[in-house]
Amino acid sequence: MNTIQSIRGMHDILPDQTPMWQWLESRLRETFGAYDFREIRVPVLEKAEVFKRSIGEATDVVEKEMYAFEDRNGDLLSLRPEGTAGVVRAAIQHGLLQTPGTKVWYQGPMFRHERPQKGRQRQFHQFGAEVFGLDVPAADAELIALGERLWRELGLSGRIRLEINTLGDREDRQRYRRKLIEYLEPRREQLDADSQRRLETNPLRIFDSKSETTREIMADAPRLADELGDSARAHFSELRTLLDALGIEYRLNTGLVRGLDYYCRTVFEWVTDDLGAQGTVCAGGRYNDLVAMQGGRDTPGIGFALGVERLLSLLESVGASRRQQPHVFIVSRVEPADMLRLAETLRDAAPGLRLACALGGGSMRAQFKRADRSGARWCVILGEAEFERGEAAIKDLRAEQGDQESVAIDELPGRLATFLADDLGD
C-alpha cells in the first residue's frame with residue numbers, strides 16, 4: 001500500500017524547524033506588544049462573501065486562487081486567503097470599532113490554490129497588524145515604524161528596504177483608471193494574456209506584470225500621482241515628513257499597487273533582493289472603505305501582513321538559526337520509577353529546564369551515545385550503588401576532560417540551577 005503524502009503546496013513543519021518558528025513568533029509578539037497591539041484570533045473558514053466583498057470579484061485571489069466550496073447546508077464557504085477581511089468581519093460583529101485607535105494583530109495559516117514554488121505555497125503563514133478608526137498620517141507612520149523596528153530586532157535592517165506610494169481616494173482612482181485604460185487600449189495586443197484580462201477588470205494590477213514587454217509599456221503609462229486630490233496629496237506629504245523625522249529610509253515607487261480592491265491612499269512594501277522573484281517580505285496599506293464594504297459604519301483602517309515562510313527564508317540566508325536541545329540528559333541503571341521521580345523533581349526546581357531521560361534503557365554506553373546525540377550539555381548519571389547512597393554524578397558533555405563529580409541527590413536541583421543559569425536564559 002502506498003503511503004499517504006501531504007497535499008502539494010502544504011508542508012509539515014518538523015521538530016528541527018519549529019524552534020526557529022517559535023523564536024520568530026516570540027519576537028513578533030513582543031514587537032506588536034511594544035506598540036500596544038492586542039491579539040485577535042479569527043476562524044480559518046469564513047463565508048466566501050467576506051472575501052468577495054472586500055477583496056473584489058475581479059481579483060486573481062477570488063477568480064482563481066480561493067479555496068471555496070458549499071457545505072451541507074448549501075452555504076458557500078472559503079478557507080481564508082488573507083487575514084484582513086476576517087478581522088474586519090470580527091471587529092464589526094463584536095463591536096470592536098467603537099473606540100478610535102483600536103489595534104489588533106493576528107497570525108495563522110492562509111490558503112490560496114496557486115502553483116507552488118519557492119516563496120509561494122498553497123498553505124502559508126502570516127502575521128498581520130490592523131489599526132482602525134484613525135485617518136491620520138501618524139497612524140501610517142507608526143505602523144511603518146513598527147515594521148522598521150522588527151527588522152532591526154531580527155538583524156535584517158540592511159537586507160530589507162521600504163517602498164511607499166499612494167493610491168489616492170476612490171474618486172482619484174476612478175479618474176486615473178479611465179486615463180490608464182485610454183493609454184492601454186491601443187496597446188492591448190502587446191500586453192501579456194493576464195494583463196489583457198486585467199484591462200477589463202482591474203487595470204491597476206497590470207503594474208504587477210512580470211512580462212518584460214508589458215513592463216516596458218507600463219513604464220510610460222500615466223501615473224496615479226498626477227491625479228491625486230488635495231486631501232490624499234496632503235496625507236501622503238505629511239506621512240513622508242513623519243518618516244523623515246523618524247529617520248526611516250524609503251523609496252517612492254509610483255508603480256506600487258496592491259492586488260486587493262480595498263486599498264486606498266498609503267501603500268507600502270518591504271522588499272529584499274535575497275529571495276529572488278518572491279522578494280516582498282511584508283506589504284500593507286490603508287483601507288478606509290473596507291469596513292463599510294463589509295456592512296459596518298464608515299471606519300478608516302490601515303494594516304500590513306508579513307509572510308512567515310519568506311521571513312524565515314531570509315533569516316536562514318543570513319545564517320540565523322535556533323536549535324532546541326535538552327539542557328540535561330539522565331542516564332540510569334536504577335528503576336524507571338526512581339528515574340522519573342527524580343526527573344520531575346528537577347523540572348519542579350528549575351522551570352524552563354529542558355530535560356530528557358534514557359527511557360529505553362540499555363547499556364550505559366548506549367545511553368551515553370544517546371545523551372551525546374541529544375545535544376545536551378549536562379548528563380546526570382544514576383548508578384545503582386550511588387543511588388542507594390543518595391548520590392548521583394554530573395558530567396559536562398562538552399568538557400574536553402569529560403570529568404564527572406558526585407553530588408548528593410538532595411543537592412542536585414540547586415547545583416544544576418547554578419550550572420544552567422546561562423543556558424536557561426536562551
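All of the numbers you see were taken from the coordinates with simple rules; none came from a lab. Since the model is a prediction, treat every value here as computed from it, not as a measurement. Note: ideal-geometry Cβ built from the backbone for every residue, glycine included; neighbour counts use all protein chains shown.
Please count, across the chain, the pairs of lysine residues with Cα atoms under 21 Å apart that sit 8 or more places apart or on different chains.
Working: 47/64; 52/64; 64/118; 64/210; 118/210; 369/395.
So the count works out to 6.
Taking H as built 1.01 Å from N, whose amide H comes closer than 5 Å to the amide H of residue 327, not counting residues under 5 places away?
So residue 327 has HN proximity to 354, 355.
Between [x] 91, 59, 44; [y] 86, 47, 34; [z] 136, 50, 41, which entry matches Cα extents along the principal axes in Å as derived from the coordinates of this structure?
Among [x] 91, 59, 44; [y] 86, 47, 34; [z] 136, 50, 41, the one calculated here is [x].
Which one, 281, 352, 150, projects farthest toward the positive side of the charge dipole computed for the chain from Cβ point charges (K/R +1, D/E -1)?
Projecting each Cα onto the dipole axis, the largest value belongs to 281.
How high is the relative contact order of the stretch 328-425, in percent, with contacts defined as C-alpha pairs under 8 Å that are six or more residues apart?
29
Taking the Cα centre of the chain as origin, work out the dipole magnitude from +1 charges on Lys and Arg Cβ and -1 charges on Asp and Glu Cβ, in debye rounded to 20.
The dipole of the chain has a size of about 780 debye.
Taking the stretch 84-137, which trypsin sites (Lys or Arg not before Pro) meet the DSSP loop condition and have no more than 14 other C-beta atoms within 10 Å?
The qualifying sites are 118.
Could you tell me which trypsin sites (Lys or Arg not before Pro) in the stretch 138-227 are loop residues by DSSP with no more than 10 other beta carbons within 10 angstrom of their beta carbon?
Those that pass, being in a loop and sparsely packed, are 210.
Could you tell me which GluC sites (Glu not before Pro) in the stretch 338-426 are loop residues by DSSP with no more than 13 other beta carbons within 10 angstrom of their beta carbon? Intermediate results must be reported in sequence, preceding the final value.
Working: sites: 344, 384, 386, 388, 391, 400, 405, 411; in loops: 400.
For GluC sites (Glu not before Pro) across the stretch 338-426 that sit outside H, G, I, E and B with at most 13 neighbouring Cβ atoms in 10 Å, the list reads 400.
Quick one: compute the contact order of the chain, relative version, from alpha carbon pairs under 8 angstrom and 6+ residues apart, as a percent.
Once normalised by length, the contact order is 15 percent.
Between residue 421 and residue 344, what is the FRET efficiency for a Förster distance of 25 Å, r being their Cβ-Cβ separation, to the nearest 0.05?
0.75
For the chain, find the longest principal axis of its Cα atoms and tell me its angle to the long axis of helix 230-246, 0 to 90°, nearest 10.
30
Please give the charge dipole size of the stretch 328-425, origin at the Cα centre, charges +1 on K and R Cβ atoms and -1 on D and E Cβ atoms. Round to the nearest 20 debye.
Once rounded to the nearest 20, the dipole reads 500 debye.
Considering only DSSP beta bridges whose two residues both sit in the stretch 328-425, what percent are antiparallel, to the nearest 5?
55
Which residue fluctuates the most in the chain, going by a Gaussian network model with Cα springs under 10 Å, if the choices are 407, 281, 136?
Of 407, 281, 136, the most mobile in the Gaussian network model is 407.
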